[in-house]
Amino acid sequence: MRLATWNVNSVRTRVDRVTAFLERSGVDVLAIQETKCRDDQFPHLPFEAIGYEVAHVGHSQWNGVAVVSRVGIDDVQVGFDGMPSWSSKEGVEPAPEARAIGATCGGVRMWSLYVPNGRQLGDPHLAYKLEWLKALRTSAAGWLAEDGDAQIALTGDWNIAPQDDDVWDMAVFSHSTHVSPPERAAFAAVVDAGYADVVRPHTPGEFTYWDYTQLRFPRREGMRIDFQLCSPALAARVTGASIDRQERKGKGASDHAPVLVDLTD
DNA sequence: ATGTCGGGTGTTACCCGA
């Protein structure tokens with residue numbers, strides 16, 4: 001079985017590319033982030049036409065996450081227990097955002113996660129990001145406490161570069177989010193809860209994201225911020241992993257590349 | 001920050017978010 005995660009930066013703009021990727025890559029379960037649409041706007045038909053079912057949550061033009069599967073899609077859960085809310089502006093009641101959806105697909109509990117960006121050091125959005133990750137860690141630890149043999153994949157855009165070599169130049173990020181110690185500690189806490197980054201060992205020195213500006217992609221100036229973290233029982237099934245750099249090329253590319261994991265049957 | 005992308009709208013010019 002093959003799992004993938006991909007921040008597509010608008011599923012409506014990119015639907016042809018995403019379905020072509022599914023057909024080309026043989027991915028069985030795809031976690032999508034930044035669909036940037038409401039549920040009623042999600043393009044279900046092109047996915048169903050090639051044999052995939054969709055579970056999606058989207059409340060507005062922001063965020064939006066989905067799981068797409070051709071091996072079944074059961075027990076869909078929107079958000080996780082304790083997931084913090086966010087208010088886009090003063091005077092607006094905080095509400096849960098469309099940043100997490102889980103579904104069981106072919107025996108794997110697949111989560112599509114879009115971790116808050118954090119914006120800038122000192123911004124309230126960074127405090128929200130850290131709270132969000134702490135709550136995710138608590139929930140994810142609980143899932144393993146319930147069933148130590150559970151096959152769980154925490155996949156998506158984590159908006160964190162855990163190591164210095166996960167960005168092209170640390171000097172550029174000296175006053176930025178994504179590399180700050182609290183963010184890295186929040187990521188490490190999820191790993192410590194029992195979820196291993198199964199992709200890094202197979203993709204040394206590779207990036208998953210390149211900014212649209214400044215010719216970052218041709219200059220190979222990227223970041224590794226998209227991950228698949230797997231529970232012990234799932235990590236034991238991993239036979240390989242890759243980052244599909246090809247998908248960042250050409251007109252109409254997302255700024256993120258798909259991250260793939262192969263499992264034994 | 002923005003030499004770029006998305007989405008949106010009090011739309012054809014600007015807003016926000018990444």
Exercise for the section: Could you grab the pairs with beta carbons closer than 8 Å, sequence gap of 6+ or different chains, first residue in region A:232-254 and of a type in the set (Phe, Trp, Tyr), second one in a helix (DSSP H, G or I)? Expected result: none
Handout entry: Residues of region A:172-206 satisfying the condition of being within 16 Å of DNA strand B (Cβ to nearest atom), in contact (Cβ under 8 Å) with a residue 24 or more places away in the chain and over 14 Å from A:PHE227 (Cα atoms)
Key = A:HIS175, A:SER176, A:THR177, A:SER180, A:GLU183
Problem - Given (1) free of Cβ contacts under 8 Å to residues at least 60 places away in the same chain; (2) more than 15 Å from DNA strand B (Cβ to nearest atom), index of the condition A:ASP28 fails - result: (1)
Completion exercise
Among A:ARG245, A:ARG220, A:ARG216, A:ARG224, the single one that is of a type outside the set (Ser, Thr, Tyr), under 18 Å from the mean Cα position of the chain (by Cα) and over 30 Å from A:ALA145 (Cβ atoms) is A:ARG245
Practice task
For region A:225-240, indicate whether the set of residues that are within 16 Å of DNA strand B (Cβ to nearest atom), within 25 Å of A:GLY194 (Cα to Cα) and not in a strand (DSSP E or B) is non-empty.
Solution key: yes
Practice task
Tell me, please, whether a residue that is more than 16 Å from DNA strand B (Cβ to nearest atom) and either closer than 22 Å to A:ASP81 by Cα or without any contact (Cβ under 8 Å) to a residue 60 or more places away in the chain (or both) can be found in region A:207-215.
Solution key: no
Handout entry: Boolean, A:GLU48 is charged (D, E, K, R), modelled with pLDDT under 95 and either out of contact with any Lys or Arg (no Cβ under 7 Å at 6 or more places or on another chain) or within 16 Å of DNA strand B (Cβ to nearest atom) (or both)
Key = no
Problem - Tally, over region A:62-94, of residues that are modelled with pLDDT under 95 and either in a strand (DSSP E or B) or not hydrophobic (A, V, I, L, M, F, W, C) (or both) - result: 7
Handout entry: Near pairs, Cβ below 9 angstrom, 6+ apart or cross-chain, from region A:41-59 (farther than 16 Å from A:VAL27 by Cβ) to any residue that is of a type in the set (D, E, K, R) and assigned to a loop (DSSP other than H, G, I, E, B)
Key = A:VAL57/A:ARG99; A:GLY58/A:LYS36; A:GLY58/A:ARG38; A:HIS59/A:ARG38; A:HIS59/A:GLU97
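The values are calculated or read from the model by the stated rules, or taken from the named source; none is laboratory data. The shown structure was predicted, so the numbers you read here are calculated from the model rather than taken from an experiment. In this analysis, Cβ positions are derived from the backbone assuming ideal geometry, glycine residues included, and neighbour counts consider all displayed protein chains.
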